[in-house]
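The values are calculated or read from the model by the stated rules, or taken from the named source; none is laboratory data. Predicted, not measured: the structure shown is a model, and the values here were computed from it. All Cβ positions, even for glycine, are placed from backbone atoms using ideal geometry, and neighbour counts span all protein chains on display.
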Amino acid sequence: MKGFAMLSINNVGWIEKENPVAGPYDAIVRPLAISPCTSDIHTVFEGAIGDRHNMVLGHEAVGEVVEVGSEVKDFKPGDRIVVPAITPDWRSLEAQAGFHQHSNGMLSGWKFSNFKDGVFGEYFHVNDADMNLALLPDEISLESAVMITDMMTTGFHGAEMADIQLGSSVAVIGIGAVGLMAIAGSKLRGAGRIIGVGSRPVCVEAAEFYGATDIVNYRNGDIVKQIMDLTNGKGVDRVIMAGGGVETLAQAVAVVKPGGVVSNVNYHGSGDTLPIPRLEWGCGMAHKKIMGGLCPGGRLRMEMLIDLVKYNRVDLSKLVTHVFNGFEHVEEALLLMKDKPRDLIKPVVIIDK
């Protein structure tokens, strides 16, 4: 089969590989729509998870089942399915402990384009199909469905880890696709004031659509000062980090109130440490909780998010700004995520309706 791969750090291209093989509990899927992610950029161009050679990229896909193993009960060839970016080993102690994302090792629930070939191939392999696939309803477009697999589950996880309560004030740092979903998730959980931090007009417009009440533009000065000015020096109850660099954690700690929560779903792809400012952390005694987590995956998670879209609780169409038709456009879409033009939120490549 043909696949678009990371050949080495800073080097991508098309390669030929053997078709994947399904074990008894697994499935082979043909992608119908795929989307590159900023994580792919960190992986290829920063070497964030180390060097990878001839590894097919991509972890965001919806597709059609072409083959299932002998023990798969709930899916069959021809089913149109949503494939989560995170496909854990559900028969693991970590899954039983409630951290399926780390099944059999830290971040090991993240398999596509990490430990095995990803979804930017003519076919791809899904482990434990009954637990890691979800049927795609006809009412949901391919463009929206592929946003469920990573962007929606990640952004919502940011809101979940932040433990947002009714009326909580929230700052979301970074309003790309994940940050936009963090805003939408915060609103659904009952947040009051939601401050979005970003600059691109297309993202600002979408942030307001999803529920941001205020926008802070980092190009206009220090975001800590701007947020503290907006809140009369009080700060916010919760901060969700969905973008930014190593300095972002320090900014988040500075603006969250004592007793508040900093929730990170940002992929920090470079640097050895993340700074925590001593005084703003109350010399270590401010009761400011810092959480960081990989997005949830698996069938149940996808089915729950699918229902939120199916029953019009969340409109994902605002996330997709660029649509390509044809597998040959994968590289073009990937480089858009690298270059981040000002009219971009997320690109989607439709392979087959």
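Things worth noting here:
- Among the strands (runs of 3 or more DSSP E) confined to the stretch 77-183, the ones with at least 2 residues that are in the same structural domain as ALA212 (by TED's automatic domain parsing), crowded, with 24+ Cβ neighbours inside 10 Å and in contact (Cβ under 8 Å) with a residue 40 or more places away in the chain are located at 170-173.
- All positions within the stretch 312-337 that are among the basic types (Lys, Arg) and surrounded by 16 or more Cβ atoms within 10 Å (Cβ to Cβ): LYS318
One line per residue, one yes/no per condition, for (1) at pLDDT below 95; (2) more than 27 Å from ILE140 (Cβ to Cβ); (3) of a type in the set (Val, Ile, Thr):
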| position | (1), (2), (3) |
| --- | --- |
| ALA5 | no, yes, no |
| VAL21 | no, yes, yes |
| GLU46 | yes, yes, no |
| GLY50 | yes, yes, no |
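- Taken together, ASP307, ASP339 contain a single residue that is among the charged types (D, E, K, R), closer than 21 Å to VAL83 by Cβ, out of contact with any helix residue (DSSP H, G or I) (no Cβ under 7 Å at 6 or more places or on another chain) and not assigned by TED's automatic domain parsing to the domain that holds GLU205, which is ASP307.
- Residue match in the stretch 210-220 (condition: touching a helix residue (DSSP H, G or I) at 6+ places or on another chain (Cβ under 8 Å), hydroxyl-bearing (Ser, Thr, Tyr), part of a helix (DSSP H, G or I) and in contact (Cβ under 8 Å) with a residue 60 or more places away in the chain): yes
- Residue within the stretch 267-281 that is touching a helix residue (DSSP H, G or I) at 6+ places or on another chain (Cβ under 7 Å) and farther than 21 Å from ASP222 by Cα present: yes
- Qualifying positions in the stretch 192-232 - farther than 22 Å from ASP163 by Cα and of a type in the set (Gly, Ala, Ser): GLY198, SER199, ALA206, GLY221
- Among the residues listed as ILE28, ILE15, ILE34, ILE41, the single one being in the same structural domain as ASP74 (by TED's automatic domain parsing), at pLDDT below 95, on the phi < 0 side of the Ramachandran plot and aliphatic (A, V, I, L, M): ILE41
- Condition check for SER144: in contact with a His (Cβ under 9 Å, 6 or more places away or on another chain) and not aliphatic (A, V, I, L, M): no
- Some residue of the stretch 123-137 being within 30 Å of ILE15 (Cβ to Cβ) and either of a type in the set (Phe, Trp, Tyr) or within 15 Å of the chain's Cα centre (by Cα) (or both): yes
- The single condition among (1) surrounded by 18 or more Cβ atoms within 10 Å (Cβ to Cβ); (2) farther than 27 Å from ILE148 by Cα that TYR267 does not meet is (2).
- Pair list, Cβ under 7 Å, 6 or more apart: the stretch 309-323 residue over 13 Å from SER141 (Cβ atoms), other residue in a strand (DSSP E or B): THR321/LYS346; HIS322/PRO347
- Selection status of ALA207, farther than 25 Å from LEU274 by Cα, part of a helix (DSSP H, G or I), assigned by TED's automatic domain parsing to the domain that holds VAL172 and in contact (Cβ under 8 Å) with a residue 24 or more places away in the chain: yes
- Contact map, the stretch 46-61: residues that are closer than 16 Å to LYS346 by Cβ paired with residues that are crowded, with 24+ Cβ neighbours inside 10 Å and polar (S, T, N, Q), Cβ distance under 7 Å, separation 6+ or inter-chain. Pairs shown: LEU57/SER113; GLY58/SER113; HIS59/SER113; GLU60/SER35; GLU60/THR149; ALA61/THR149.
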